Amino acid sequence: MDKEIIRQIDEHLILRRSTQADAQEVARFNKEIHGEGKWDEIGLVDWTLDLLSGEGPTFTPDDFTLVEDTSSGKIVSACCLISQTWAYEGIPFKVGRPELVGTHKDYRRKGLIRQQFDVLHEWSKQRGELVQVITGIPYYYRQFGYEMTLNLGGGRAGYEAHVPELKEDETEPYTFRLAEEGDIPFLMETYQRGSSRNMVNAVWDEAQWRYELFGKRKYNINRRMIYIIEDQSGKPAGFIGIPPHKWGKSMMLTLYEIAEGFAWTDITPSVIRFLWQTGVRLGEEQDQPQQIFGFWLGEQHPAYDVIDTLLPRKRQPYTYYVRVPDLPAFLNLVKPVLEARLAESSFVNYTGELKISFYRDGIRLKFNQGRLETIDPLRFDEIEGCAANFPPFTFFHLVFSHRNMAEIKQAYTDCTTDKDETMHLLDALFPKKPSSIWDIA
Ligand SMILES: CC(C)(COP(=O)(O)OP(=O)(O)OC[C@H]1O[C@@H](n2cnc3c(N)ncnc32)[C@H](O)[C@@H]1OP(=O)(O)O)[C@@H](O)C(=O)NCCC(=O)NCCS
């Protein structure tokens with residue numbers, strides 16, 4: 001297949017799209033740039049090979065941008081765009097996920113990633129993706145119009161002493177088996193049920209579930225081994241998801257949902273025992289001793305409440321970087337959610353205009369009897385006298401229910417409102433509600 005050249009950067013460097021033939025070289029590059037230890041490297045190689053195989057539902061083999069030094073034929077910088085669908089209180093929206101961003105150390109600080117991001121942002125726009133999201137190193141992506149406004153990871157952990165023991169005459173009330181093809185409808189329903197705890201979720205369709213269960217390479221860093229939890233009669237009671245390799249001395253659980261009619265209090269002790277045993281087994285296979293078990297389920301999860309004392313170690317979440325290049329378009333899409341929130345709040349049937357400044361531009365929301373009639377962009381010369389002012393992009397903390405007005409004001413003293421009612425109206429439109437997202441890659 002011909003290499004599609006996007007741009008000649010200088011005499012030797014070309015920016016081009018990837019092809020399937022690049023798979024091994026990109027995998028080697030990603031391992032060298034991003035790998036932190038043996039299992040991380042294995043996971044990165046499997047992930048890259050999966051992406052470039054063209055077998056996954058969210059990626060095609062030409063979705064990497066690569067900078068090649070034609071004098072050596074080597075790839076010296078790379079990133080990619082993974083296309084996903086997420087949902088905002090149930091309303092689907094398209095998301096572009098720039099990932100695997102890296103430059104060889106001899107070629108850094110020449111703007112190679114900046115150039116590739118221009119391309120990825122253009123691709124994302126062409127795909128109709130209203131939002132871009134990155135898991136990334138601290139600070140860096142702020143330079144490209146991103147703000148850190150959605151919880152990423154976080155969880156609780158315990159040690160061997162916290163693993164609940166079965167009583168002598170007790171048999172394990174819940175058992176675990178790897179999910180099979182026939183479990184997909186149950187998994188989809190149970191995942192959907194748990195999704196309501198989060199403001200934002202990733203949408204998992206059947207093809208994605210199938211790919212997760214049967215398509216990915218064994219150690220793909222983003223693969224989860226999905227186990228069905230069964231009660232003693234063999235009825236599915238829930239599911240859990242576990243990474244295929246240990247995170248050092250820890251065995252982590254990153255997904256845990258239960259079906260209707262079951263109780264977190266009943267099932268969770270069995271989950272801990274299974275997690276611990278899996279950690280011991282994988283620890284032997286992977287030469288990583290088992291010392292810690294963890295529930296990596298975000299800032300909040302029902303399991304934390306029912307076994308608080310068994311998970312003494314707390315890790316606060318990191319954050320996704322979020323970019324919303326056309327905020328009025330995004331707010332228009334989620335308008336039904338905003339109107340429903342208003343109807344449930346003190347601002348029921350509200351009529352009025354809310355002008356919000358981002359100091360260089362802004363937006364105007366016009367409400368009529370609780371309906372959000374228009375959402376218009378405002379230019380610099382139109383933002384005087386706004387009811388609320390936010391430094392650029394900090395408004396995303398509200399939009400993604402990450403922080404409330406009081407918290408944003410505390411963090412940014414140049415976030416201001418004309419009166420308390422404006423604060424309450426903004427909090428009513430965008431109530432704080434943390435999300436823990438199982439993103440797809
Ligand atoms: C971070 C990394 C991708 C940057 O690559 P790069 O090709 O040097 O990036 P660019 O030159 O395009 O950077 C764009 C801007 O960020 C600046 N910049 C570069 N590295 C930076 C860093 N680590 N922190 C903050 N700013 C940085 C550049 O100076 C440039 O600024 P300018 O446009 O105002 O001149 C590269 O250092 C790398 O591969 N690091 C190791 C892997 C890694 O951490 N990847 C990110 C995973 S999320």
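Readers should treat all values here as calculations from the given coordinates under stated rules, not as data from a laboratory. For clarity, every value in this text was computed on a predicted model and none was experimentally measured. Positions of Cβ are generated from backbone atoms using ideal geometry, with glycine treated the same way; all protein chains shown enter the neighbour counts.
Here are the numbers for the structure shown:
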| item | result |
| --- | --- |
| Against the rule of thumb 2.2 N^0.38 Å, how large the Cα Rg of the range 174-219 comes out | 1.26 |
| Two-decimal ratio, the range 155-317, of alpha-carbon radius of gyration to 2.2 N^0.38 Å | 1.00 |
| Three-way shape label, the range 390-441, alpha-carbon gyration tensor, a/c 1.5 | prolate |
| GNM flexibility winner over the chain from 69, 183, 106 (Cα, springs under 10 Å) | 106 |
| Selection from 83, 318, 240 lying farthest towards where the dipole of the chain points positive, charges on Cβ | 318 |
| Unit charges at the beta carbon, dipole of the chain: most positive-side option, 362, 49, 100 | 362 |
| Loop-resident sites, the range 137-199, for chymotrypsin sites (Phe, Trp or Tyr not before Pro), counting at most 13 other Cβ within 10 Å (DSSP) | 139 |
| For the chain: rounded, prolate or oblate by the Cα gyration tensor [a/c cutoff 1.5] | oblate |
| Fraction in percent of alpha-carbon pairs per bin - 5 Å, the range 242-398 | 2, 8, 12, 13, 11, 9, 8, 9, 10, 9, 7, 3, 1, 0 |
| Calculated SAXS-style log₁₀ I(q)/I(0) at q = 0.12, 0.14, 0.21 Å⁻¹ - the range 50-168, Debye, Cα scatterers | -0.57, -0.71, -1.28 |
| Amide H contacts of residue 404 (H built 1.01 Å from N, under 5 Å, at least 5 apart or other chain) | none |
| Summed residue charge, Cβ within 10 Å of residue 134's Cβ, Lys/Arg positive, Asp/Glu negative | +1 |
| Square roots of 5 times each gyration tensor eigenvalue, C-alpha, the range 326-429, largest first, Å | 19, 16, 13 |
| Debye, to nearest 20: dipole size of the range 326-429, +1 on Lys, Arg Cβ, -1 on Asp, Glu Cβ | 180 debye |
| The range 394-441 - charge dipole about Cα centre, Lys and Arg +1 at Cβ, Asp and Glu -1, debye rounded to 20 | 140 debye |
| Part-to-part distance (alpha-carbon centres) for the range 79-98 and the range 149-182, which is given in Å | 30 Å |
| FRET E, pair residue 177, residue 384, Förster distance 56 Å, beta-carbon r, rounded to 0.05 | 0.30 |
| Cα-only Debye scattering, the range 58-110: base-10 log of I(q)/I(0) at q = 0.25 Å⁻¹ | -0.96 |
| Given charges at beta-carbon only (K, R positive; D, E negative), |dipole| of the chain in Debye | 900 debye |
| The range 1-78, Rg to Rh (Cα coordinates; Rh as Kirkwood inverse mean 1/r) | 0.99 |
| For the range 297-365 and the range 107-132, distance of Cα centres in Å | 25 Å |
| Karplus-derived HN-Hα couplings along the range 234-245 (A = 6.51, B = -1.76, C = 1.60, θ = phi - 60°), whole Hz, x at Gly and Pro | x, 7, x, 10, x, 8, 10, x, 10, x, x, 10 |
| Sites matching trypsin sites (Lys or Arg not before Pro) across the range 168-242 that sit in DSSP coil, with at most 13 neighbouring C-beta atoms within 10 Å | 218 |
